[in-house]
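Asker: One structure follows; several queries about it will come next.
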Amino acid sequence: MVRDVSGAGSARPGSSGSGGPGDGRRRGFVRRLHPLDWLAGALLVLGLLAVATGLLPSETAADEMRRVGPLVVFLGTVIVMAELTGRAQVFDVVSAWVARAGRGRYPLLFGLCVLFASLTTITLNLDTTAVLLTPVMLALAARVGIAAVPLAMTTVWLANTASLLLPVSNLTNLLAADRVALSPSGLAAVMWLPQLASIAVTSLCLWVFYWRRGRRGADRYTPPGPPVAGDPVLLRICSVACAGFLLAILVADVPLWSASLTAMVVVVAAFAVRRRQELSLSLVPWRLLVLVPGMFLVVATVGAHGLHALLESALGSDNGFLGMLRSAAVGAGLSNVLNNLPAYLAGEAAIPVGNHAQLLALLVGVNVGPLVTPWASLATLLWFERCRWHGTRIGMGRFLGTGLVLSVAGTLAAVSALALVT
């Protein structure tokens, strides 16, 4: 995310090597850019160049932008809402309650953490779990004195594998639901069993690889004291706004962008009254708002110049169980090589329009499968950044090996469950 840097990095007039205050501010801005910011900007520039040079026809580009518009509004508003909700201590209070409810027993704490991370991913989105829940869980580990890695792995794995149920859970779900004309409740009716299957396999792998006695290094932990909210009024307002957002998309089937926009307005208004100083342009997820349109344009361009034909051959047109397995495997593999969002976009364009089961299997592959490489999903990249900031070391060999096991087992289980309900 590009942060608001107004007034930062200015050089003193007349200082050695200075080109003036403007140059100092520009250098400060560049220093604050994350590598992912450069990637997002490069993709947008490449996409615009493709349109300008005719590599991507203007009509195709216009169609892509009409499709991406509501998604960009949704992403921008839901992440601002989630960020402010985190600052209102909603996640801190819930995580402290989870630790207290575990009563010092690791098996019970494990089940509650799985439930907490799954619900956060399902109801808000996977990036919220990666960006906001990860530091909360790591801080809880330090406060309670329990191992940090099991909690960290719980958030990153479930950020991906628990993102099948609702359109809000993952940007790929929004794209798939639009393609097969499914409302939020309609998508949930199809994906509930695959979602349960992927969470069950994830839980088993988490326990075996990270949570069992030989891995976590302790038999019991000391529960923390009762959580204390800094601003109970703000906490309640943000909690109600999140609950209202979820009810709106599940019960009323309103457009996601309008539900998230309404909830964000409520939360922002509450902060404007209670803690105005925390409202700034740095809340806006500039990186995602630049990345998504650029990625749409670049993938459409590459698809028009060879990738589409290659993927048509790789995916085939079988809408049965074997075709579903094939699509999920291609989606998972391509996600770990590139990233799950361009993998879905390219795969979707290569699947026949009427093959809904094959398309949903591709969705399973790009949601549950991208667990092997650090760049397989944006949520995993953001998670690594948060872990590094908190000083939690993740062994890369163990991450790759255990992620590969879960990627294969979770994708197979979820596709098999999908075949039972389609």
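Asker: Can you sort LEU119, LEU325 from fewest to most other Cβ atoms within 10 Å of each residue's own Cβ?
Answerer: If I rank by nearby Cβ atoms, fewest first, I get LEU119, LEU325.
Asker: On to the next question. So for each of 145-157, 240-252 I average, over its residues, the number of other beta carbons within 10 Å; can you give me the resulting order with the highest mean first?
Answerer: Details: 145-157: 22.8, 240-252: 17.2.
Ranked from most to least packed, the peptides come out as 145-157, 240-252.
Asker: For segment 231-362, just say rounded, prolate or oblate: build the C-alpha gyration tensor, square-root its eigenvalues into a ≥ b ≥ c, call rounded for a/c under 1.5, and beyond that prolate if a/b exceeds b/c, oblate if not.
Answerer: prolate
Asker: Now a separate question. For a quick check of your reading of the filter: which trypsin sites (Lys or Arg not before Pro) in segment 325-422 sit in a DSSP loop and have no more than 13 other Cβ atoms within 10 Å?
Answerer: ARG393
Asker: Expressed in nm to one decimal, what extension gain is obtained for the pair LEU279 and SER185 from 0.36 nm per residue of sequence separation less their Cα-Cα distance?
Answerer: 30.5 nm
Asker: Only loop residues by DSSP count here, and only those with at most 11 other Cβ atoms within 10 Å; note down the chymotrypsin sites (Phe, Trp or Tyr not before Pro) in segment 363-422 that meet that.
Answerer: none
Asker: Using helices alone, what [θ] at 222 nm do you get for the chain, with -39,500 (n - 2.57) per DSSP H run of 4 or more residues, divided over all residues and rounded to the nearest 500?
Answerer: Computed mean residue ellipticity for the chain: -22500 deg cm²/dmol.
All of the numbers you see were taken from the coordinates with simple rules; none came from a lab. Values in this document were obtained by computation on a predicted structure and should not be read as measured data. As a convention, Cβ positions derive from the backbone with ideal geometry for all residues, glycine included, and neighbour counts pool all protein chains shown.
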